[in-house]
Amino acid sequence: MLSGEWFPMLFPNIWELVEQFKGFCRSKGWNAYDYDDVIETEKGYHKFIWVRHPHPNTFKSIVMNPLCSIREGISYRIIGLSSMAWVLPETPSMSLWQVIKEAPSLSRTVAIYDLSRAYKGEPTCLKLNETKSVVLQEFEQFLNGEYGIKLTPLKTLIGCESL
């Protein structure tokens, strides 16, 4: 990426973005599972959920139960997640933000990345990330370094400290 330049036609589809970031994580020595969008570090497991339109009830049920199965060979194992990131190619509904607002402690383990603007050719996207996850911090740096995406905290944009 050339500094200061924005090339929206180069922003990958969501599945390519997943694979590129998993490759980036492997280069850092982290375990990026082949069959799952889970990154394992010495500090735990970090899951990426890539979905177009998360239904608020589905979102709530998943974030309230931070367990996940991962494939290892021909079997599966249940793990506890340290963090999860919802990466959305389309603008989420206000009811999704309301779920987080009603349970603010979720924002310590759950991040939301609204990348819809990147797919419309704009370099500034929204995020809600109050986690301490090194993987999610690296994801944000990856988006900026590889694609020039600047992530604006949702709270800053709407001036709301309780979201």
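The values are calculated or read from the model by the stated rules, or taken from the named source; none is laboratory data. What you are looking at is a predicted structure, and each value in this text was computed from that prediction instead of being measured. Virtual Cβ from ideal backbone geometry, glycine too; neighbours counted across all protein chains shown.
Some points to look at:
- Subset tally (residues that are touching a helix residue (DSSP H, G or I) at 6+ places or on another chain (Cβ under 8 Å) and without any contact (Cβ under 8 Å) to a residue 60 or more places away in the chain) for the range 83-102: 12
- Looking only at residues in the range 40-71 that are farther than 22 Å from Leu88 by Cβ and surrounded by 12 or more Cβ atoms within 10 Å (Cβ to Cβ), the one that is farthest from the chain's Cα centre (by Cα) is Arg71.
- Where helices (runs of 4 or more DSSP H) fall entirely within the range 54-163, those with at least 3 residues that are over 21 Å from Lys22 (Cβ atoms) are at 56-64, 94-102, 154-158.
- Once the range 9-38 is narrowed to residues that are in contact with a Ser or Thr (Cβ under 9 Å, 6 or more places away or on another chain) and under 28 Å from Arg117 (Cα atoms), the residue that is modelled with the lowest pLDDT is Asp36.
Per-residue answers, yes or no, for (1) surrounded by fewer than 16 Cβ atoms within 10 Å (Cβ to Cβ); (2) at pLDDT 95 or above; (3) in contact with a Cys (Cβ under 6 Å, 6 or more places away or on another chain); (4) among the charged types (D, E, K, R):
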site: Leu88; (1), (2), (3), (4): no, no, no, no
site: Leu96; (1), (2), (3), (4): no, no, no, no
site: Val99; (1), (2), (3), (4): no, no, no, no
site: Pro104; (1), (2), (3), (4): yes, no, no, no
site: Phe142; (1), (2), (3), (4): no, yes, no, no
site: Thr156; (1), (2), (3), (4): yes, no, no, no
site: Ser162; (1), (2), (3), (4): yes, no, no, no
